[in-house]
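Inspection log for the structure reproduced underneath, given as structure tokens.
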Amino acid sequence: MTKVPYKIYLNEKELPGFWYNVKAVMKELPPPMLHPGTLKPCTKDDLLPLFCKELVDQEFNTKDKYIEIPEGLMSFYRMIRPSPLIRAYNLEKALDTPAEIYYKFEGTNTSGSHKLNSAAAQVYYAKEQGITTVTTETGAGQWGTALAMACAYYGINLIVYMVKISSEQKPYRKAVIETYGGKVIPSPSNTTEVGRKILEENPGTGGSLGCAISEAIETAMKTENCRYVLGSVLDHVLLHQSIIGMEAKAACDKYGIEPDIIIGCVGGGSNFGGLIAPFMGEKIEGRNNIHFIGVEPASCPSFTRGRYAYDFGDTGKTTPLMKMYTLGSGFIPSPNHAGGLRYHGMSPILSKLYHDGYFEVRSVEQTKVFEAAVEFARCEGILPAPESSHAIRVAIDEAKKCKETGEKKTIIFGLSGTGYFDMTAYMSYNSGTMTDFIPTDEDLEKGFATLPKVD
């Protein structure tokens with residue numbers, strides 16, 4: 001076996017020129033999106049008023065295993081990619097574990113997260129189509145930050161509806177978005193009809209991604225030469241994020257690394273789905289037996305306590321219906337939840353794979369997440385994003401199991417971003433004021449009550 005260096009960087013010639021489309025190898029595809037008015041399967045024409053044409057084509061592509069990345073986008077990717085696969089030697093030593101631990105680090109770009117992979121792609125296609133403005137939502141702010149960077153690069157106007165509680169907890173994310181030229185509106189707001197309705201029904205609400213999506217969609221539909229772009233959940237977003245997994249697999253192949261476990265955080269699914277895509281494809285084809293683990297917050301447990309059902313992607317119930325694991329579009333996470341991953345639903349692709357038993361999901365409380373984040377930071381010198389720290393928590397847990405059993409396993413987890421704009425949450429944890437919130441069954445029933453009745 002080739003000696004594994006501390007940081008594995010692929011060179012520019014090894015930068016993947018293709019995305020990996022896991023739908024092309026799935027034994028059974030996710031059920032189709034449904035039109036919210038007719039409840040019939042959506043067509044491309046149904047989505048074209050909302051999304052760019054090329055993205056709609058990618059959303060419906062179930063045949064091509066590899067989809068070429070255009071040169072106009074590769075020129076952007078070369079500024080930020082490939083990202084490193086890093087051996088966590090110091091963490092291994094601190095845990096006194098026989099396990100080998102690696103993390104695929106997506107925080108080396110200015111936005112601080114993996115979100116730039118899809119932001120750049122979606123804005124590139126908008127530019128090619130002649131679109132002049134895009135709208136979006138953002139929760140913790142990574143997606144809004146990444147999109148602002150991409151819009152500045154390609155010269156497109158941006159309107160960001162940021163979950164209100166996040167905009168208050170993370171003002172520096174808002175400042176970065178505005179520095180790159182994006183307009184930030186805390187959501188729910190009085191700038192849209194759906195925002196005013198939500199505020200009337202829930203005065204003082206801290207908002208949710210579902211609320212912000214509703215406002216961004218309404219604004220896109222009412223703004224000339226404008227399209228809506230989404231940072232997770234949809235198939236084309238997972239496609240763009242598969243560059244993470246393509247690079248990780250290339251690095252593993254180059255240095256003879258054979259992962260036993262691959263771990264990623266799950267909120268809407270783009271990071272985890274992108275990391276595991278080519279590895280999962282091989283598992284479906286019977287070429288590996290990797291144990292995949294998704295990790296979600298106990299306060300927003302879409303997978304572990306949600307229902308596999310058709311649901312709207314937004315609180316205002318304007319999106320197509322998607323078959324996914326969901327807590328109901330009316331579910332709003334507790335305001336004390338500081339760890340990101342606040343979305344009520346989950347990627348239809350991941351939902352189908354999970355439903356068919358291809359991976360495990362665990363939910364963890366945020367104090368345990370931040371405990372792992374601090375341990376990792378002190379060992380590895382990187383302050384991780386709260387979202388990424390969900391994966392760190394379970395990676396540490398699995399490494400400790402290896403110590404107990406004496407079994408040597410190779411663990412890879414996705415470090416999806418950095419936490420340098422999340423200091424309010426870290427201050428809360430460090431001061432001992434952070435608390436955990438786990439919704440009761442009665443709390444979840446309120447969200448389930450908003451599920452549409454679909455035969």
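Among the residues of the stretch 401-455, those that are among the charged types (D, E, K, R) and closer than 28 Å to MET246 by Cα comprise GLU407, LYS408, LYS409. Out of ILE101, ILE80, one residue alone is surrounded by fewer than 19 Cβ atoms within 10 Å (Cβ to Cβ), within 23 Å of ALA385 (Cβ to Cβ), of a type outside the set (Phe, Trp, Tyr) and touching a residue at least 12 places away in the same chain (Cβ under 8 Å). It is ILE80. Screening ALA212 against (1) within 25 Å of ALA126 (Cα to Cα); (2) touching a helix residue (DSSP H, G or I) at 6+ places or on another chain (Cβ under 6 Å) leaves a single unmet condition, (2). Filtered by the rule that a residue be among the aromatic types (Phe, Trp, Tyr) and in a loop (DSSP other than H, G, I, E, B), the stretch 33-66 gives a lone residue, PHE51.
Per the listing ALA126, ALA121, the residue uniquely of a type outside the set (S, T, N, Q), surrounded by 20 or more Cβ atoms within 10 Å (Cβ to Cβ) and farther than 20 Å from GLY274 by Cα is ALA126.
Taking (1) closer than 27 Å to TYR228 by Cα; (2) crowded, with 23+ Cβ neighbours inside 10 Å in turn, PRO301 satisfies each apart from (2).
Do we find that LEU234 is crowded, with 18+ Cβ neighbours inside 10 Å and either more than 26 Å from VAL369 (Cα to Cα) or out of contact with any Asp or Glu (no Cβ under 9 Å at 6 or more places or on another chain) (or both) in this structure? The answer is yes for LEU234. Quick check: is even one residue across the stretch 260-278 aliphatic (A, V, I, L, M), touching a Gly at 6+ places or on another chain (Cβ under 6 Å) and closer than 23 Å to GLY207 by Cβ? So far as the stretch 260-278 goes, yes, one or more of its residues are aliphatic (A, V, I, L, M), touching a Gly at 6+ places or on another chain (Cβ under 6 Å) and closer than 23 Å to GLY207 by Cβ.
Which of the residues spanning the stretch 319-359 are surrounded by 23 or more Cβ atoms within 10 Å (Cβ to Cβ), on the phi > 0 side of the Ramachandran plot and either at pLDDT 95 or above or touching a Lys or Arg at 6+ places or on another chain (Cβ under 7 Å) (or both)? GLY328 - this is the single residue of the stretch 319-359 that is surrounded by 23 or more Cβ atoms within 10 Å (Cβ to Cβ), on the phi > 0 side of the Ramachandran plot and either at pLDDT 95 or above or touching a Lys or Arg at 6+ places or on another chain (Cβ under 7 Å) (or both). When the residues of the stretch 133-185 are filtered to those that are part of a strand (DSSP E or B) and in contact with a Lys or Arg (Cβ under 6 Å, 6 or more places away or on another chain), which remaining residue is surrounded by the most Cβ atoms within 10 Å (Cβ to Cβ)? So the residue we want is VAL134. Among the residues of the stretch 12-27, those identified as in a loop (DSSP other than H, G, I, E, B) and crowded, with 16+ Cβ neighbours inside 10 Å are LEU15, PRO16, ASN21, VAL25, MET26. Beta carbons closer than 7 Å, at least 6 apart along the sequence or on distinct chains, pair a first residue in the stretch 113-138 that is over 17 Å from GLY340 (Cβ atoms) with a second that is among the charged types (D, E, K, R) and not in a helix (DSSP H, G or I) for ALA126/ARG227; ILE131/ARG227; VAL134/ARG227. Just one of the listed residues (ASP64, ASP57, ASP46) is at negative phi, in contact with a Pro (Cβ under 9 Å, 6 or more places away or on another chain) and among the charged types (D, E, K, R), namely ASP46. Of the strands (runs of 3 or more DSSP E) that lie entirely inside the stretch 230-340, not one contains 2 or more residues that are of a type in the set (Val, Ile, Thr), without any contact (Cβ under 8 Å) to a residue 12 or more places away in the chain and within 21 Å of GLN142 (Cα to Cα). Those helices (runs of 4 or more DSSP H) of the stretch 385-455 in which at least 2 residues are of a type in the set (Ser, Thr, Tyr), considering only elements entirely within it, cover 386-405, 423-431.
The values are calculated or read from the model by the stated rules, or taken from the named source; none is laboratory data. Note that the coordinates shown come from a computational prediction; the quantities given were computed from them, not determined experimentally. Here the Cβ is made from the backbone with ideal geometry for all residues, glycine too, and neighbour counts use every protein chain on show.
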